[in-house]
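Below: the structure, in structure tokens.
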């Protein structure tokens, strides 16, 4: 939304956008039924975001949870594929998704 790594952008605007994501509402948006209206690559990205956030919370807050190295390696590969597919999605759809995740919908 502010610009890619090679885009000319404001350092301060990029930092604000980078830090602006509130993970709770973002996860809610990613699990909202409206996410199904996005292209499959973006829907898959949203599903992965929600899944990985749940795993991160388990890792951070549940002292009994254990992840094997092979599980983590698989998760990393899955996320990398989801990011690559998201990046290949049309820019208008990526921007719409970012807007959907960052800004609260009003009735």
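Between helix 40-61 and the chain there is an angle of about 50 degrees, using the helix long axis and the longest principal axis of the Cα atoms.
Relative to the first principal axis of the alpha-carbon coordinates of the chain, what is the inclination of helix 11-20, with its axis defined by its Cα atoms, in degrees from 0 to 90 and to the nearest 10? Once rounded, the angle reads 50 degrees. This ranking places 81, 104, 94 by how few other beta-carbon atoms lie within 10 Å of each, fewest first, which gives 104, 81, 94. As a ratio to 2.2 N^0.38 Å, the alpha-carbon radius of gyration for segment 10-55 is 1.31.
Candidate values [x] 12.4; [y] 8.8; [z] 8.5 were compared with mean projected area of the Cα convex hull in nm² computed on the shown model; the agreeing label is [z]. Panel order for 73, 17, by other beta carbons found within 10 Å of each beta carbon, from fewest to most: 73, 17.
Angle of helix 91-102 to the longest C-alpha principal axis of the chain, folded into 0 to 90 degrees and rounded to 10: 70°.
Look at 72, 101, 91 and count the other Cβ atoms within 10 Å of each Cβ; fewest to most, that gives 91, 72, 101. Note: relative contact order over the chain, using C-alpha pairs below 8 Å and six or more positions apart, is 35 percent.
Bear in mind that the values in this text are calculations on the coordinates, not laboratory data. Source: prediction; values computed, not measured. Positions of Cβ are backbone-derived with ideal geometry, glycine not excepted, and every protein chain shown enters the neighbour counts.
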